Structure formats: C-alpha cells, structure tokens
1. Regarding Thr122, is this residue modelled with pLDDT under 95, more than 24 Å from Thr37 (Cα to Cα) and among the β-branched types (Val, Ile, Thr)?
2. All but one of (1) closer than 17 Å to Val170 by Cβ; (2) in contact with a Pro (Cβ under 9 Å, 6 or more places away or on another chain) hold for Ser92; state the number of the condition that does not hold.
3. Being surrounded by 21 or more Cβ atoms within 10 Å (Cβ to Cβ), under 20 Å from Ser115 (Cα atoms) and not small (Gly, Ala, Ser) is the requirement here; does Leu165 meet it?
4. For Met172, state whether it is loosely packed, with under 15 Cβ neighbours inside 10 Å and under 26 Å from Lys41 (Cα atoms).
5. Would you please list the contacts, defined by Cβ atoms under 8 Å and residues six or more apart or on different chains, that run from a residue in the range 93-108 that is of a type in the set (Ser, Thr, Tyr) to a residue that is assigned to a helix (DSSP H, G or I) and surrounded by fewer than 19 Cβ atoms within 10 Å (Cβ to Cβ)?
Amino acid sequence: MSRDLQHKLRSRLELATQILDLSMSGEDLDRLAVELTPAVKALIAEATDVHDTTVPIRYAVIGETLDEQAGVHTTTYAGCTARIGTEVDLESPAAVLAAQLRASQPDVIATDVPSPTYLGLTVQPQSLFAWRWWLDKLSVAEGAVTMQDNAAYATGTVGEVVVYLQGLEVPMLLIDAPAARLMGLLAEADRATA
C-alpha cells in the first residue's frame, strides 16, 4: 500500500507542479512523495474514521470474573480487558466513557474504572497521529507525557472524568524525533537528548 501510494502521490505532485508552473526536479518530487506518504495515509485513515465512529466495535466476550475480595468485576474480550469496581454504577461518567472508547477505538487494550469519575486507560496506538489523537481527545497538557521502558504515561480529562493514559509502544513511535517534534509530541528542549 505505501509504495503504491507513494507512486500515486508523486504523479499528483508532478501534475500540480506542471499546472502551477513550479520548477521541481524529479528527485525533489520523489523525496516529497516519500515524506508526505505517512501524512496522506493518516488523512485517509481520518476520512474513513467517520464510518468507524458510527459503527461500534463488537468484541466477543471471552470471560468474566468477579473478585469480591478486591471488589473488581473483570470482563475479558478478544483484544481488550475491562475492569470496573463492584461499587461503581455502570451509568457513571467513567464507566460510560470507558464503554464508549472500547466500542469505538481499536487502540484500546484495557479500561479500569475504580470510581465514578476516574478511568485508567491503556492503548496501543499504531502511529504518531493516533497517539496525538489520544492526547488531544483526553486534553493532555503539552509536556505532561512521561516515558518509562516501552510505554508513555499521561493524565488528562474528558468532561468530569480524570483519565490516566498509558500508551504501549509509544517510545518506539517517537524514534522519528523530527516527526514527533513536528507534531508537538516532543519538546524542542529534547533535541539535545534525541
């Protein structure tokens, strides 16, 4: 898909430069097509996301357990685990938000709802654009993300719900430091360490 998209993108760029009477070498067009391909793929994904947000993800329930001593009810789905405190109402803001995110976002690996207004959310974003989306969705302040081992951590809010976000494999996505800086995911001060 990427190589095919690069070729199509290059041909569109070449046509645009001819129409606009811009002088760009073939080498520059090739480089531009390679650089823009990930962004174009993200735009295509966003365009198809409209459909994805209206069609809930259906997970098969693999198992359910109730740990009365810990006060936690766990439901295991194919690809996702949901934990909720036994004293937490299923209609509470955190429980409703957790259910919405599990149903609409395939990045969600686990949700933990220990209280009506607190959600622990574990995601595995597939791209820098997906990670940026999570930070924006949860109103995470810029520079509030910490990294440890193979995960990123942040705290944000959605309405009255405090969301503790764990992003698995995010440090691997941030290896491309210039792209991460461009998206605002790494601060300029980090240049010396990147």
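1. Details: modelled with pLDDT under 95: no; more than 24 Å from Thr37 (Cα to Cα): yes; among the β-branched types (Val, Ile, Thr): yes.
In short, no.
2. In the conditions (1) closer than 17 Å to Val170 by Cβ; (2) in contact with a Pro (Cβ under 9 Å, 6 or more places away or on another chain), Ser92 misses (1) alone.
3. Details: surrounded by 21 or more Cβ atoms within 10 Å (Cβ to Cβ): yes; under 20 Å from Ser115 (Cα atoms): yes; not small (Gly, Ala, Ser): yes.
Yes.
4. Working: loosely packed, with under 15 Cβ neighbours inside 10 Å: yes; under 26 Å from Lys41 (Cα atoms): yes.
Considered against the rule, which asks whether it is loosely packed, with under 15 Cβ neighbours inside 10 Å and under 26 Å from Lys41 (Cα atoms), Met172 comes out as yes.
5. Ser104/Asp52; Ser104/Thr53
Yes or no, residue by residue, for (1) surrounded by 19 or more Cβ atoms within 10 Å (Cβ to Cβ); (2) modelled with pLDDT of 90 or more; (3) over 18 Å from Gln166 (Cβ atoms); (4) out of contact with any Asp or Glu (no Cβ under 7 Å at 6 or more places or on another chain):
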{"residue": "Pro38", "(1), (2), (3), (4)": "no, no, yes, yes"}
{"residue": "Ala47", "(1), (2), (3), (4)": "no, no, yes, yes"}
{"residue": "Thr54", "(1), (2), (3), (4)": "no, no, yes, yes"}
{"residue": "Arg83", "(1), (2), (3), (4)": "yes, yes, no, no"}
{"residue": "Glu87", "(1), (2), (3), (4)": "no, yes, yes, yes"}
{"residue": "Leu138", "(1), (2), (3), (4)": "yes, yes, no, yes"}
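The values are calculated or read from the model by the stated rules, or taken from the named source; none is laboratory data. Bear in mind the structure is a predicted one, so any value in this text is a computation, not a measurement. So basically every Cβ, Gly included, is an ideal-geometry build from the backbone, and we count neighbours across all protein chains shown.
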